[in-house]
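Q: This structure is in C-alpha cells; I'll ask about it shortly.
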Amino acid sequence: MPTVYRGTIVHTKSFDEFESFKEGFVAVEDGKIIGIGGDYDNWLSTSEVNADLISEVRLSRFQFLSPGFCDGHIHAPQYAQIGLGMSVPLLDWLNTYTFPTEAKYVDKEFAQKIYRSVVQATLRCGTTLASYFATNNLESTLILAEEVARQGQRALIGKVCSNCNSPDFYVETTDESVGGTEAFVKAIRKLNNPLVLPTITPRFALSCSKELLQKLGNIAKQYDLHVQSHISENLTEIEVVRDIFQTSYANAYDEAGLLTKKTVMAHGVHLQDDEIALLKKRGTAIIHCPASNTNLNSGICDVQRLVKAGLTVGLGTDVSGGNSVSVLTALLRAIEVSKHLDFFKKQNILGTGRAEIPDNDYQQLTYKQTFYLATLGGAKALALDHITGNFSVGKDFDALLVDVSVLEKPHRPLTVDELLEKFIYTGDDRNIKAVYVAGKLVKGTI
Ligand code: GUN
Ligand code: FE
C-alpha cells in the first residue's frame, strides 16, 4: 500500500543545492520513494499508482519532512561515559577514561544494557544511519549489531582493532584482531539484514602495527568492505604517528590500502595539503566532529577547505569525545565553530592561519550547507547515497517528521526556510515526532 506524505518537504541535492516544497509530497511504497515534488495531482495522474489504495499523511503548517540524519562517526560503548572527562586532551582522555570503559564490554549484560540505550537514544534524535565503533570485544560487538537490527536502524558497525601502544587490559594480538574482524564480518553477513553492514575498524594508526593495518586493508579489499578510522585529530597524536610510521598520517593508512571510496576518516582537523590531495585521489571522505574537537581541545576543522579541495564531508557526534548523541546538536556546533573560525580568520587572530587560504575569503558554513552535511553528505561519505540521504525516487524512505510547534507555537506563520532554521537553532528530539527507516516507523507516532 502506497503512503503519501503531504506538506512541507526539505532536502538537499548537493553541498550548495537545497530544495524545498511548501506544499509538496513524498510518495512511498514498500519502503522506497516512488514520487517527490510540488505537484501531487500531476504526479498522481501520470503514475501507475491506484489512487484508491493510497493512505495520506497530512502535515500541519508547522511540520515538515526531512531526510533522516546520518551520524558518520559514533562510539557506541562510550555512551556509558557520555559527558564525563571533558577537560583533558585526546591521549590522556583515552588512557584515563575511554580504554577502561571500553574494556568493560567483555561483560555481555553491561554491553546489552548500554547498546540498547544508545540505539534508542540515537533513533530518538533522528539518526537513521550511523557508523558505529564498538570495542575490541567480538561478542559484544555482535550484541550491538543485533540491537541495531532489532530496533530497525541502518548502520555500519565495526569491531575495533588495536594491537599496540595500548594498555595491557585493552589490547589484542594481531591474530586476535584479524581473526575477530573476519569472524565479525561473517557473522554480520549471516544476519542477512540489508540495513546492517560490517566495517573494518582500525582504532587509529597509533594503536595498530603496520602489519595489522596491512592485514585489515587486505580484508577490506577481499570482501569489498567499508573502512572507518581516525585521522589528524590532535597535534601530539600526529607527532607520534609521524615518529612511528616515518610518514604522514594519511600515508600511513594509504600504504596499507586502507584509503578507498568506502573509507571514512573522522576529524581531519590538521591535515596537510598533500594529505587532502591523497584522500581526494582515493575517494576517501572526512567526518567532521565539531563537538568532540571542541571538548578535547583538538582544534577547529576548516570544513570549507576540505569541501573546496573536493572531499566529501559528513558530520559525526563522536560520542563520547562529543557530548551529545544528537546529529542536530552536531550540526549547530558545526555552524558555531565555523563562525568562530570566520571571526578569527578575518581578524587575523589565528596563529595557524593557512597561507594558502586568504583569510578574508573564508565563508561561514550556512545552515543549509550544514544540513547537507548531516544528511546527504554523510550518506555520500559512507558510500550509501544511492540508497539514502535525500528524497530521490528509488531511494529508501529514511525520514523525520519534524514539528517546530511542539513546545510553543510560533507567533506567526513561518516560511519553509524559517521552519528549518528554527528547528536547527531551537530544536531537539522533542521536535522529532516520527522517524522512518526504509519506510518503517521506528520511533514516535504520526
Ligand atoms: N582516536 C582514537 N580513539 C579515539 C576515540 O575513541 N575517540 C576520539 N575522538 N579519537 C580517538
Ligand atoms: Fe572518534
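Q: In whole Å, how far is the Cα centre of the range 235-264 from that of the range 292-319?
A: The two parts, judged by their Cα centres, are 17 Å apart.
Q: Put +1 on the Cβ of each Lys and Arg and -1 on the Cβ of each Asp and Glu in the chain; which of 256, 75, 304 then has its Cα farthest toward the positive end of the dipole?
A: So the residue we want is 75.
Q: Given the options 290, 391, 93, identify the residue whose Cα lies farthest towards the positive end of the charge dipole of the chain (+1 on Cβ of Lys, Arg; -1 on Cβ of Asp, Glu).
A: After comparing all options, I get 391.
Q: In addition: Can you give the charge dipole size of the range 33-151 about its Cα centre, rounded to the nearest 20 debye, using +1 on the beta carbon of Lys and Arg and -1 on the beta carbon of Asp and Glu? If you can, show how the numbers build up before the last one.
A: On the way: 8 positive and 13 negative charges, 87 e Å.
The calculation lands at about 420 debye.
Q: For the pairs 262/346; 262/440; 261/368; 113/380; 113/433, flag any whose C-alpha to C-alpha distance is greater than 29 Å. Kindly include the intermediate steps, with their values, before the conclusion.
A: Numbers: 262/346 36 Å; 262/440 26 Å; 261/368 25 Å; 113/380 31 Å; 113/433 25 Å.
Cα-Cα > 29 Å for 262/346; 113/380; rest within.
Q: Between the helical axis of 210-223 and the dominant principal axis of the chain, each derived from Cα atoms, what acute angle in degrees is found, rounded to the nearest 10?
A: 30
Q: Net charge around residue 290, counting only other residues with Cβ within less than 15 Å of its Cβ (Lys, Arg = +1; Asp, Glu = -1)?
A: Numbers: positive: 305, 333, 339; negative: 71, 233, 302, 318, 336, 342.
Charge balance in the 15 Å sphere: -3.
Q: Could you compute the FRET efficiency for residue 340 and residue 190, with r as their C-beta to C-beta distance and R0 at 60 Å, rounded to 0.05? Write down the numbers at each step before the final one.
A: On the way: r = 47 Å, r/R0 = 0.78.
That pair, residue 340 with residue 190, gives E of 0.80.
Q: Now for a different question. Ranking 301, 164, 289 by Cβ neighbours within 10 Å, fewest first, what do you get? Mind showing how you got there, number by number?
A: On the way: 301 26, 164 15, 289 33.
Going from sparsest to densest Cβ surroundings: 164, 301, 289.
Q: Over the alpha-carbon set of the range 275-322, divide Rg by the Kirkwood Rh and report the Rg/Rh ratio to two decimals. Provide the component values of the computation, followed by the final result.
A: Details: Rg = 11.3 Å, Rh = 11.2 Å.
That ratio equals 1.01.
Q: Can you pull the percent of Cα pairs in the range 61-173 with separation above 19 Å?
A: Values: 2984 of 6328 pairs.
Here the tail beyond 19 Å accounts for 47 percent of pairs.
Q: Which length gain, in nm to one decimal place, applies between residue 17 and residue 1 when the Cα-Cα distance is subtracted from 0.36 nm times their residue separation?
A: Details: separation 16, 0.36 × 16 = 5.76 nm, distance 3.17 nm.
Going from the current span to full extension adds 2.6 nm.
Q: Using only the Cα atoms of the range 239-308, build the gyration tensor, take square roots of its eigenvalues as a ≥ b ≥ c, and label the shape rounded, prolate or oblate: rounded if a/c is under 1.5, else prolate if a/b is larger than b/c, else oblate. Spell out each step's value before the answer.
A: Working: a/c = 1.81, a/b = 1.22, b/c = 1.48.
Verdict is oblate for the range 239-308.
Q: Also, quick follow-up: For the range 49-85 and the range 149-191, what is the separation of their Cα centres, given in Å?
A: 27
Q: Would you calculate the separation in nanometres between label points at residue 218 and residue 60, each defined as 7 Å from the Cα along the Cα-to-beta-carbon direction?
A: Once both label points are built, they end up 6.0 nm from each other.
Q: While we're on this one: For helix 327-346, what angle does its Cα long axis make with the longest principal axis of the chain, in degrees from 0 to 90 and rounded to 10?
A: With rounding to tens, the tilt is 70 degrees.
Q: Using square roots of five times the C-alpha gyration tensor eigenvalues, list the equivalent-ellipsoid semi-axes of the chain in whole Å, biggest first. Don't skip to the answer; put the middle values down first.
A: Details: eigenvalues 250, 134, 77 Å².
Gyration-tensor ellipsoid for the chain: 35, 26, 20 Å.
Q: Based only on other Cβ atoms within 10 Å, what is the fewest-to-most ordering of 402, 196?
A: Working: 402 25, 196 20.
Taking fewest neighbouring Cβ atoms as first place, the list is 196, 402.
Q: Another one. With the cut-off at 1.5 for a/c, could you classify the range 178-233 from its C-alpha gyration tensor as rounded, prolate or oblate? All intermediate terms of the calculation are to be shown ahead of the outcome.
A: Numbers: a/c = 2.39, a/b = 1.70, b/c = 1.40.
The shape class here is prolate.
Q: Beyond 27 Å, what share of the Cα-Cα pairs of the range 1-135 remains, rounded to the nearest whole percent? Let's see the in-between values first.
A: Values: 4030 of 9045 pairs.
More than 27 Å apart: 45 percent of the Cα pairs in the range 1-135.
Q: What does the charge count near residue 181 come to, summing +1 for each Lys or Arg and -1 for each Asp or Glu among other residues with Cβ under 11 Å from its Cβ?
A: Values: positive: 159, 186, 215; negative: 172, 175, 176, 182.
Residues close to residue 181 contribute a combined charge of -1.
Q: Here is a follow-up. Please compute the net charge surrounding residue 404, taking Lys and Arg as +1 and Asp and Glu as -1 over other residues with Cβ under 12 Å from its Cβ.
A: Numbers: positive: 61, 409, 422, 430, 433; negative: 403, 408, 418, 421, 428.
Charge balance in the 12 Å sphere: 0.
Q: Along the three principal axes, how long is the range 208-367 when you take its alpha carbons, biggest first, rounded to the nearest angstrom?
A: 47, 34, 27
Q: Add -39500 (n - 2.57) for each DSSP H run of 4 or more in the chain, then divide by its residues: what number comes out at 222 nm, to the nearest 500 deg cm²/dmol?
A: -10500 deg cm²/dmol
Q: A further question follows. By how many degrees, between 0 and 90 and to the nearest 10, does the Cα long axis of helix 174-191 differ from the longest principal axis of the chain?
A: Its long axis makes an angle of about 20 degrees.
Q: Quick check for me: using +1 on Lys/Arg Cβ and -1 on Asp/Glu Cβ, what's the dipole size of the range 288-404 about its Cα centre, in debye to the nearest 20?
A: On the way: 10 positive and 11 negative charges, 46 e Å.
So the dipole magnitude of the range 288-404 works out to roughly 220 debye.
Q: Now for a different question. Can you tell me how the range 362-446 classifies by the Cα gyration tensor, rounded, prolate or oblate, using a/c under 1.5 as the rounded cut?
A: On the way: a/c = 2.33, a/b = 1.21, b/c = 1.92.
Note, shape of the range 362-446 comes out oblate.
Q: Right, something else. Could you size up the charge dipole of the chain around its Cα centre, putting +1 on the beta carbon of Lys and Arg and -1 on that of Asp and Glu, and report it in debye to the nearest 20?
A: Details: 44 positive and 52 negative charges, 113 e Å.
The calculated dipole for the chain is roughly 540 debye.
Q: Expressed as cubic angstrom per residue, what is the convex hull volume of the alpha carbon set of the range 95-135? If you can, show how the numbers build up before the last one.
A: Details: hull volume 3.1 nm³, N = 41.
Spelled out: Cα convex hull of the range 95-135, divided by residues, is 76 Å³.
Q: Same structure again: Compare the peptides 16-26, 220-230, 70-80, 166-176 by average per-residue count of other Cβ atoms within 10 angstrom and give them in order, highest first. Before the final figure, lay out the partial values.
A: Values: 16-26: 18.2, 220-230: 20.2, 70-80: 27.6, 166-176: 14.6.
Peptide ranking by packing, descending: 70-80, 220-230, 16-26, 166-176.
Q: Select from 141, 324, 436 the residue farthest towards the positive end of the dipole of the chain; place +1 on Cβ of Lys and Arg, -1 on Cβ of Asp and Glu, and compute about the Cα centre.
A: Ranked along the dipole, the leading option is 436.
Q: What is the fewest-to-most order of 215, 108 by other Cβ atoms lying within 10 Å of their Cβ?
A: Details: 215 23, 108 13.
Ascending Cβ contact count within 10 Å gives the list 108, 215.
Q: If you project the alpha carbons of the range 58-119 onto the principal axes, what extent comes out on each, in Å, largest first?
A: Projected onto the principal axes, the Cα atoms of the range 58-119 cover 50, 30, 18 Å.
A short reminder: the numbers here are calculations on the coordinates, not readings from a lab. Model, not experiment: these values are computed from the prediction. Note: ideal-geometry Cβ built from the backbone for every residue, glycine included; neighbour counts use all protein chains shown.
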